[in-house]
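Asks: Input: one structure, supplied below.
The values are calculated or read from the model by the stated rules, or taken from the named source; none is laboratory data. Every value quoted in this text rests on a predicted model; they were computed, and no experiment measured them. Cβ placement follows ideal geometry from the backbone for every residue including glycine, while neighbour counts extend to all protein chains displayed.
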Amino acid sequence: MTSTRTAGQPSVPTAPNGPVGVALLGATGSIGTSALRVLERQPERFVPVALTANGNIAALTEQVARFAPAYVGLVQECADAPDAWGRGPGCLVEAATHPDAQVVINAVVGAAGLPATLAALRLGKRVALANKESLVVAGEIVTRTAREHGGALVPVDSEHSAILQCLAGRQPHEVKRLILTASGGPFRTWPADKIGHATRADALKHPTWQMGSKITIDSATLANKALEVIEAHHLFGVAYDRIEVVVHPQSIIHSFVEFVDGSVLAQMGVPSMELPILYALTWPERVPDNGVPSFEPVAHGALTFEPVRHDDFPMLGLGISAGRAGGAAPAVFNAANEVAVAQFLDGRLSFGGIAERVSAALCDLSALPGYSLDALLAADAAARAHVLSRTATES
């Protein structure tokens, strides 16, 4: 299982003096704000030393006043940003490589988080990875970089954190199957002919999780689950034909692991990202924390499971097929989806049009070279241009 094999630094990161320094990329997003709540409850163990945000200068300014990090970066240009802050996309790498940071929480949305992941791993740091696109776009390169430089990849996504917890102390040959759960999103019970015409407001009403707009739309299309399948393949070294998805509307069981003897382990908990964030920071240890409500089985009642409606949610199949194809196909899937989702959120594309745009990009571009980081980035750019050109032609 790759995340265990690649842990080349001490199992729990240490700092020369005092708490472990943490660089938080994407500090003002949903994962970022959850991470800061966790860090604030663990001041004797962790301290934020670098914070970055995409463009929310107001929220970042409040965080800086509260935590006084040594480094602050803003990706988007803003005339109101203090001169001392890092500017532009390069600030993500600057934060990830800050000498006071032993751990990097990468909560950036999209492929923009990849350079920072690689930069941190090259320095042998622990990367608490919420940026699943790093592994989707360049999984083999990222995991190889971790192995070669002694870095550690520890997942933050609740599904992958659950698998990591279930695999504790187990060997790869003991694993028969990974089963990721999906809430089913806001359209789980909608008829097929209605889903394609869903509005922006409809798609942003996630039934169990409070997340940013992009990942919420990905959850509505099930593209997010496709990304998670690809991520699980790279994190745990399990073949695609041994990774499955099941709909679990209550979002209490976060994933299952079935072992070769027929035993099945599941990790359960209330839907809160603070638990997997804390575990990614302390893995393989567990530390006391009072931030996540206790799980009350009777209060939660019945737990139910349903098959995925693949025909009605084609993005899942498209993404898994891209993962199986390998090469540039996962990068094309991810990039095309990012642009199509942005166009849907901007009102320039229908909900059903997201899958149409991604399918067309995969059909035309999956065979592009994917043997190097430069080739993968070129495929990413080509997929973005492909989706944009289709919209421009139809407008």
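Asks: Of T221, T216, which residue is within 21 Å of P330 (Cβ to Cβ), polar (S, T, N, Q) and out of contact with any strand residue (DSSP E or B) (no Cβ under 8 Å at 6 or more places or on another chain)?
Replies: The conditions single out T221.
Asks: Scan the stretch 126-176 for residues that are in a loop (DSSP other than H, G, I, E, B) and touching a Ser or Thr at 6+ places or on another chain (Cβ under 8 Å) and report the count.
Replies: Count: 3.
Asks: Output the helices (runs of 4 or more DSSP H) that fall wholly within the stretch 289-357 and possess 2 or more residues being touching a helix residue (DSSP H, G or I) at 6+ places or on another chain (Cβ under 8 Å), or say none.
Replies: Helices (runs of 4 or more DSSP H) meeting the threshold: 314-325, 329-345.
Asks: Based on this model, can you work out whether H197 counts as of a type outside the set (A, V, I, L, M), over 21 Å from A130 (Cβ atoms) and either buried (at least 24 other Cβ atoms within 10 Å of the Cβ) or touching a Gly at 6+ places or on another chain (Cβ under 9 Å) (or both)?
Replies: Taking the combined requirement at face value, the residue satisfies it.
Asks: Let me ask something additional. Where the second residue is buried (at least 18 other Cβ atoms within 10 Å of the Cβ) and not in a loop (DSSP other than H, G, I, E, B) and the first is among the acidic types (D, E) and at pLDDT below 95 and lies in the stretch 97-123, which pairs have Cβ atoms under 8 Å and are six or more apart or on separate chains?
Replies: Pairs that qualify, where the first residue is among the acidic types (D, E) and at pLDDT below 95 and the partner is buried (at least 18 other Cβ atoms within 10 Å of the Cβ) and not in a loop (DSSP other than H, G, I, E, B): there are none.
Asks: Only one of G32, G21 is buried (at least 18 other Cβ atoms within 10 Å of the Cβ), assigned to a strand (DSSP E or B) and of a type outside the set (A, V, I, L, M, F, W, C); which?
Replies: G21
Asks: Go through the stretch 262-283 and give me each residue that's assigned to a loop (DSSP other than H, G, I, E, B) and either touching a strand residue (DSSP E or B) at 6+ places or on another chain (Cβ under 9 Å) or exposed (fewer than 14 other Cβ atoms within 10 Å of the Cβ) (or both).
Replies: G262, S263, G269, P271, W283
Asks: Identify, from the list S255, S251, the residue that is part of a strand (DSSP E or B), outside the structural domain of R348 (by TED's automatic domain parsing) and farther than 30 Å from C363 by Cα.
Replies: Just one listed residue meets the conditions, S255.
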